[in-house]
Amino acid sequence: MRGEKRWKIIVLCLCLISVLLPATVLASTGDELPPSTGDISDSVLQPTDIIVFGKAIGVPVITSQPKGKTYTIGDTAEAISVEASVSDGGTLSYQWYSNTTDNNSGGAMLDAETNSSYTPDLSAEGVMYYYCVVTSTLNGETAEVASDTAKIEVEPAVEEYDVYIYTGQGYSNTRITSENAEDVLGDGGTVSYDASTCTLTLDNAKITGILTYGGENKTLTVNVASDSVISTNRNGISLQAMSTAGPVFYQDSLVVTGDGKLTINILNNTSTGISVYDGATFRDANIEINTNNSLAIALSEWSGVERNDLNIINSTLSITTGAKSTNAIWTENGGISIDNSNVTITANSSSYPAMWSLYDIAIINGSDVKASVGDSNVLYTPGEIRIEKSIVTATGEVSSAPALYANSIKITDKSDVTAIAGNGNAVYAESGGIVIDGAALEAKVIGGSGSYTVYTYGGDIIVRNGGNLTAESAADSAVFIEDGDMSVTGSTVTAIGANYEGVIVDGALNVKDSVIAVSRTAGSSFPAVVTEQLNVEASEITADGGIGFYDWFTQDADNIAFSITPANGKFVELKVDDTSSDGSAAMHFPEGSGSPYGAAVNFDAGAMKAMEDYKYIRIGEHIHAGGVATCTALAVCDDCRREYGSIDPDHHSFSAYAYNNDATCTANGTETAKCSLCGKVDTREKAGTMLGHNYKDGVCLVCGTADPNYKPAGSGEQTGGAQEDANSPQTGDESNPALWFALTLASGTAAIAAAAYGCWKRREQ
């Protein structure tokens, strides 16, 4: 008890000390306790105070927070700042921090940024959070506070692209920028642009033009996502550049693609459907261009651009022009390639080709090109027209210019080409000539004052590997090779001239394993074929109008030659007709000699000169016919009167057969004759000489053969030979009807009696 009381006293004393100690400390500093208000909170330390060794240090108070802002790269940044105060007279200092998150702790200290304000860095796009830590220092002691964060956002600068979309018929346009690229026109996205790929997408767009500036050697891709239309008094699509002097043309190229159809309508007479200066490609595209008196597609020349080509790949292109003085397609410094595409051109130009190319025109890989023009060329290039595995129809029905014009023309790989001109050449090639290799060319001049249908100057015409050339002129010659040769191998050529020659070869005409038919208007004084040299091997040539061997220009015959060679193991004939052009009266030439030939033959100048007088000439395989081969002689051809074939060992001439008197009762006799040609003996049966049997008493008196019908005497049934009863009725003998009646009556009576007897016996039993 006593101990417990002692502990209670000690605890009471400690409580008194704890209460009196603060008052003692305050009294020692000279401060007086504030008068009591009755609120105990007045005696509690404020949160901005820090007690250090018994004294409270003031914490800075931020009176103005830093404020965020959004900038664009390239803008001038404004300083962000803080304002702060402290109640105890401490010294304030500042330190700025940056943070990638919205947090005013854990940021990165910004070196040397120790002012109350800071100018943020705008060099990189993105978002950064800035804050400032304010520190108060007093008597060597510090207190600090962090400001709120200031969000500084740096956006990329609005980029202006060198692509403009026209929507009106004036010069007002909408420039594509990074801000409007996703919906250029603000109509839901009919026009959009991807700057990273330079792709302009048209999605059911209806605009008046596309224009580019820049000169950065880029390729603008126009993706036609769905059917879109450009109707304009300007160029439909124009690729240009800007210089200080104004617009200049430059080196950007164009690609058009997409699932939709792009229709370009040019409403005036001066603008172009598509204008490009560094090449254009239509790939997997569907394009229709309609113009008045202007170009549909122009690929113009520009310095520094090596080639300015137009490539049409897996596409459909339709062009209609009303122009009288311009092209439908023009590549001033390039070529044209049509690859597995369908191209239709209806041009009405009176002086410009529908399709003009500085270099080549290639139509390949299953393409189908149909092009017509007014009075001009359909396809024109000083380079090469190359057609492979494709169909081409080139029509200039009122034109006086060649439908196909090139330095060289090559038609190969089962291509089928039709070329029609009014009064000009259908096909014209210069020194490069014409090659038809496993393909077909049909060429016509339909006008009444036309020129040569197929013409080459300084080049050759080659038809080979199953090729087929058909040329027809309504006014002049069908085929004319000036200063060149013509070679036909394993192919067919049909040439129909008008008032003049069908085929003129100012050189050599070489024909092998082929068929050639040439004619000209009946009654014309010109031969069907004129050539300096004609070499025919295993071929058929028909010249309705004859053949002239001379130089067409000089009319001289200084360098003429003519040879024919039969096919292996066969004959070749040369037939001529001087009375008709159909060969109805044709005879072998020269008459009575030579033709048909079993070996190669060369004709002299006299023979060639003589052939000019004939109206019809045929060179071809001779097939013997008619005549009969015998045991000693070959058949003689009814046409050429020459023996052919082989003897017939079974074909003899037997006459004056003599009877051999060797007939028997059962077999014909024979007769024998000797062949009048070879002496061979022939014995044959002589019909109707069989003797037959002469039976008597059952035996043939000639050969002793027994009579099968003979019955011995007394049997009552003797039918054979002389033993037969003359009174017995014979089979088939109807000379004694009374006897037959008696026999019939007796037989009936006997039958009745037999039946009656049978009945009686059954009754008895």
Just need the relative contact order of the range 477-627 here, percent rounded to a whole number, with Cα pairs under 8 Å and 6+ apart. 20
Each label sits 7 Å from Cα toward the beta-carbon; between SER64 and GLN169 the label points are separated, in nm, by 6.1
Using the Cα centre as the reference, give the magnitude of the dipole from point charges on the C-beta atoms of the range 578-668 (Lys, Arg: +1; Asp, Glu: -1; all else neutral), rounded to the nearest 20 debye. 60
Note, ³J(HN,Hα) from phi for the range 367-383, Karplus 6.51, -1.76, 1.60, rounded to Hz, x at Gly and Pro: 6, 10, 10, 10, 9, 10, 9, x, 10, 6, 6, 8, 10, 9, 7, x, x
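Please compute the length gained on full extension between ALA567 and THR119, using 0.36 nm multiplied by the number of residues separating them and subtracting their Cα-Cα distance.
Between ALA567 and THR119, full extension yields 151.2 nm more.
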Förster radius 45 Å - calculated FRET efficiency between ASP187 and SER325 (Cβ-Cβ, nearest 0.05): 0.70
With the contact rule set at Cα under 8 Å and sequence spacing of 6 or more, what percent relative contact order holds for the range 57-155? 39
Residue separation between TYR657 and SER584 times 0.36 nm, minus their alpha-carbon distance, gives in nm 21.7 nm
Would you please give the residues with an amide H less than 5 Å from that of GLU540, counting only those at least 5 places away or on a separate chain, with H modeled from the backbone geometry? SER514, VAL515, ILE516
Under-5 Å amide H pairs with ALA77, H placed in peptide plane, nonlocal only: none
Residues of the range 437-462 with amide N under 13 Å of a point placed 7 Å along Cα→Cβ from SER400: 448-451
If neighbour count is taken as other Cβ atoms inside 10 Å, put LYS444, LYS680 in order from fewest to most. LYS680, LYS444
Taking other Cβ within 10 Å of each residue's Cβ, how do TRP356, TRP96, TRP552 sort, fewest first? TRP552, TRP356, TRP96
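With the cut-off at 1.5 for a/c, could you classify the range 581-704 from its C-alpha gyration tensor as rounded, prolate or oblate?
Prolate, because a/c is 1.5 or more and a/b exceeds b/c.
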Take the Cα pairs of the range 351-451, get the Kirkwood Rh, then feed it into Stokes-Einstein at 4 °C and 1.567 mPa s and tell me D in µm²/s. 101
In Å and on Cα atoms, what radius of gyration and Dmax does the range 400-529 show? 12.9, 39
At 0.36 nm per residue, and after removing the present C-alpha to C-alpha distance, how many nm does the segment from ASN602 to VAL681 gain when stretched out fully? 23.5 nm
Could you list the residues of the range 643-681 with an amide nitrogen less than 14 Å from a label point located 7 Å from the Cα of CYS631 in the Cα-to-C-beta direction? 647-657, 672-681
Per-peptide average of other Cβ atoms within 10 Å, ordering 320-331, 218-229 highest first: 320-331, 218-229
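Applying 1/(1 + (r/R0)^6) with R0 = 35 Å to the Cβ-Cβ distance of SER85 and GLU179, what FRET efficiency is obtained, to the nearest 0.05?
0.20
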Report ³J(HN,Hα) in whole Hz for each residue of the range 353-360, in order, from the Karplus equation J = 6.51 cos²θ - 1.76 cosθ + 1.60 where θ = phi - 60°; Gly and Pro get x. x, 4, 10, 10, 9, 5, 9, 10
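Bear in mind these aren't lab numbers, they're just calculated from the coordinates by the rules spelled out. All of these numbers come straight from a predicted model, not from anything done at the bench. For neighbour counting, all protein chains shown are included, and Cβ atoms are generated from backbone atoms with ideal geometry for every residue, glycine included.
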